[in-house]
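FYI, it's all coordinate maths here, none of it is from the lab. Since the structure is predicted, the reported quantities are computational estimates derived from the model, not experimental observations. Neighbour counts are summed over all protein chains in view; Cβ atoms, including those assigned to glycine, are modelled from backbone coordinates with ideal geometry.
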Amino acid sequence: MVDILSLANLVIERSSFKISNLRLQKLLYYVYGIMVAVDDDLIINEYPEAWEYGPVFPTVYHTYKHFGIDRIKSTDGTPAYYSDLSISAVNAVVEGFGTLKDFEIVARTHQPRGLWRQTYRHGIKNNTISIEKIKKHFRKNILIDNEDTKIISNNIL
């Protein structure tokens, strides 16, 4: 089982750019999508929810909300083992989004036919984005080298 907070910490550790809670949520959503698309048996201990400003992992949000819009300066210290898949997915997403502004990342998760837009309901926070829809969407939009569990092309970025 993959702990979502440990995965968030890996994103923070691998990011050389400013990472706010908003940016972390969006990056983590893409990492999550890639991982569940690649590994049918993968279990992650939390699903993304469709909140007003996009996909959110509540545990991660509440852990880092005290930073507000500022840069997250440190992880929560949760020790973790990272699989090759975790590292590959985080590296691909961090590299792909490294030069984008926050509003550009938000625009990508809020696309008119995107999963967030299909799931979000105004005023409802606990509206989970279906794992089956995420798998289908990400499988359609990424190219994977399954032998090396390596992301070759990431068309979602």
Near the amide H of Ile129, under 5 Å away, which other amide H atoms are found, from residues 5 or more places off or on another chain, if H is placed in the peptide plane? Glu49, Ala50
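What length, rounded to one decimal in nm, is gained on full extension from Glu52 through to Ile131, with 0.36 nm per residue of separation minus their alpha-carbon distance? Let's see the in-between values first.
Numbers: separation 79, 0.36 × 79 = 28.44 nm, distance 1.91 nm.
Value of the extension gain: 26.5 nm.
For the chain, with only Lys/Arg (+1) and Asp/Glu (-1) charged at the beta-carbon, what is the dipole magnitude about the Cα centre, in debye rounded to 20?
Details: 19 positive and 18 negative charges, 161 e Å.
Its charge dipole is roughly 780 debye.
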Distance from region 5-19 to region 32-96 (C-alpha centre basis), Å: 8 Å
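Normalised by the empirical 2.2 N^0.38 Å for globular proteins, what value does the Cα Rg of the chain take? Before the final figure, lay out each step's value.
On the way: Rg = 14.3 Å, N = 157, 2.2 N^0.38 = 15.0 Å.
After normalising by residue count via 2.2 N^0.38 Å, the value is 0.95.
What does the net charge come to around Gly77 if you take all other residues with beta carbon closer than 14 Å to its beta carbon, with K and R at +1 and D and E at -1?
Details: positive: Lys73; negative: Asp3, Glu13, Asp76.
It works out to a net charge of -2.
Calculate the FRET efficiency for Asp40 and Glu13 from the Cβ-Cβ distance with a Förster distance of 30 Å, rounded to the nearest 0.05.
On the way: r = 27 Å, r/R0 = 0.91.
FRET efficiency, Asp40 to Glu13: 0.65.
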Just to verify a number: FRET efficiency for Phe103 and Phe67, C-beta to C-beta distance, R0 = 22 Å, to 0.05? 0.75
State the number of lysine pairs found in region 1-137 whose Cα atoms come within less than 24 Å, restricting to pairs 8 or more positions apart or on distinct chains. 18
Interatomic Cα distance distribution for region 80-148, bins of 10 angstrom, percent: 15, 39, 38, 8, 0
